[in-house]
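Below is one structure, written out as structure tokens, with a few remarks after it.
The values are calculated or read from the model by the stated rules, or taken from the named source; none is laboratory data. This structure is a prediction, so every number in the text was calculated from the model and none was measured. Cβ: placed from backbone, ideal geometry, glycine included. Neighbour counts: every protein chain shown. For the accessible areas, the whole protein counts, side chains as well, though only heavy atoms, and no ligand, DNA or RNA atoms are used. Shrake-Rupley method; radii C 1.70, N 1.55, O 1.52, S 1.80 Å.
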Amino acid sequence: MNRLSTWWQGRGRRWWSDYQWPVLLLLGLAALILGFIGFTRNGLQTGESRSVLDNLYLTLGLISLNSGAVPPPVSWELQLARFLVPAIAAYTAILALAAIFTQQSQQVRLWFMRDHVIICGLGRKGVRLARQFTDRGMGVVVLEADEGNDWVEAARAWGAVVLHGDARDPELLHKARLNRAAHLVSVSGDDGVNAEVAVLAENLSRTRQDGALTCSIHIVDPQLWYLLREKELDVATDSHFRLELFNIFDRGASLLLKNYSPWTRRQSELTCDIHLVLIGLGKLGQSLVTQAASQWWEQRRISDQRLRFSIIDLQAAQKVETLCVRHPNLTEVCDLDPLQMDVRSADFQRADFLFNQDGACIADAIYICMDNDSLGLH
């Protein structure tokens with residue numbers, strides 16, 4: 001029973017949401033056909049002279065329960081149809097009412113939710129989290145300010161409750177049943193918003209009666225990260241609130257360097273610099289540069305080797321300058337060569353930056369960190 005319940009809460013519910021209307025249409029047509037066959041046989045067996053239209057009229061009358069009472073004998077086709085047709089009609093009516101009163105029905109679901117997950121922000125990160133949590137059969141409440149967000153209906157189809165409004169609104173958090181939630185994850189694109197949500201959640205959690213709320217927030221800015229890191233340690237002993245910080249770009253860069261290390265092939269070549277090509281200096285690209293520089297410094301601090309980066313981006317010079325201001329020690333370890341070009345341009349297609357004057361490839365590794373997935377694939 002537990003496995004069936006878990007399957008329904010995850011993939012089963014999503015499958016039914018995707019295919020329920022075709023299934024209902026096929027069942028409805030099959031039930032009407034069985035009803036027509038049943039009425040036809042009943043007329044022949046009882047000696048009633050009913051025309052095709054009469055039998056069709058009686059079949060349609062099954063929808064409103066007006067025509068199922070006929071003198072025996074009743075064939076199995078009619079017996080099945082006079083229960084199946086009104087059942088499908090009733091279920092369809094319920095779906096229509098649920099579509100009209102979506103917000104009201106979601107509010108009813110919230111009354112019974114406990115130990116659920118509240119996700120603030122329905123961007124790319126929020127969508128993936130909502131999908132994964134619902135697949136695991138967990139209750140999910142999504143707080144999204146943009147009512148026109150294209151992912152809202154998809155999240156509801158997966159089984160999540162979606163509430164529109166600012167996650168920094170205490171009333172909205174109360175409505176999402178924060179006092180009974182097990183986790184709150186804030187993945188807004190604004191670090192400041194995520195931090196405000198965490199502070200507000202901590203204040204509201206002081207009135208919790210049972211269990212602790214684990215609040216996970218996505219922080220990109222390094223300075224804000226260190227400030228909140230102190231807060232994370234301060235609340236470690238709180239019995240009602242836990243704060244966790246995470247950065248998917250740092251995590252992604254760490255996994256890239258771990259799984260595709262650029263210098264493991266040259267452990268014995270201590271006189272050689274390492275030359276990396278980075279395409280796209282977004283948040284993931286910046287994390288990769290800083291982490292690669294840190295790892296390189298730990299491994300080669302004694303030697304004079306340099307870590308060289310050829311950085312390709314439409315705003316490469318500006319972004320490299322900003323990165324060096326935020327991390328002034330980078331220039332002590334790395335040589336950063338900004339190359340401003342479009343990946344769809346002829347200069348990029350020629351790829352002169354990959355070769356030296358003798359035509360030999362000088363890149364030890366190439367990392368593609370484009371924010372646009374289609375351009376990255378291109």
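Summary table below
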{"item": "Per residue convex hull volume, Cα atoms of the chain, in Å³", "result": "232"}
{"item": "For segment 14-130: accessible area per residue (Å², 1.4 Å)", "result": "60"}
{"item": "Theoretical gain in end-to-end length, Asp146 to Tyr19 [0.36 nm per residue, Cα-Cα removed]", "result": "43.0 nm"}
{"item": "C-alpha long axis of helix 13-46 to longest principal axis of the chain, angle in °", "result": "10"}
{"item": "Solvent exposure ordering (accessible area, 1.4 Å, most first) of His164, His378, His174, His218", "result": "His378, His174, His164, His218"}
{"item": "Exposed-site-free run, longest, the chain (rule: chymotrypsin sites (Phe, Trp or Tyr not before Pro); DSSP loop; at most 15 other C-beta within 10 Å)", "result": "113-259"}
{"item": "With every protein chain in place, the chain: carbon and sulfur % of accessible area (1.4 Å)", "result": "56"}
{"item": "Along the chain, longest interval not containing exposed trypsin sites (Lys or Arg not before Pro), exposed being DSSP loop plus at most 16 other Cβ atoms within 10 Å", "result": "209-300"}
{"item": "Degrees between helix 102-111 axis and first principal axis of the chain (Cα, 0 to 90, nearest 10)", "result": "80"}
{"item": "Number of Lys pairs (Cα under 27 Å; 8 or more positions apart or on different chains) in the chain", "result": "10"}
{"item": "Heavy atoms of Thr322 accessible to a 1.4 Å probe, total area in Å² rounded to 10", "result": "70"}
{"item": "Between helix 124-135 and the chain: long-axis angle, C-alpha atoms, 0 to 90°, nearest 10", "result": "50"}
{"item": "Kirkwood-Stokes translational diffusion coefficient of segment 72-222, alpha-carbon pairs, 20 °C, 1.002 mPa s, µm²/s", "result": "125"}
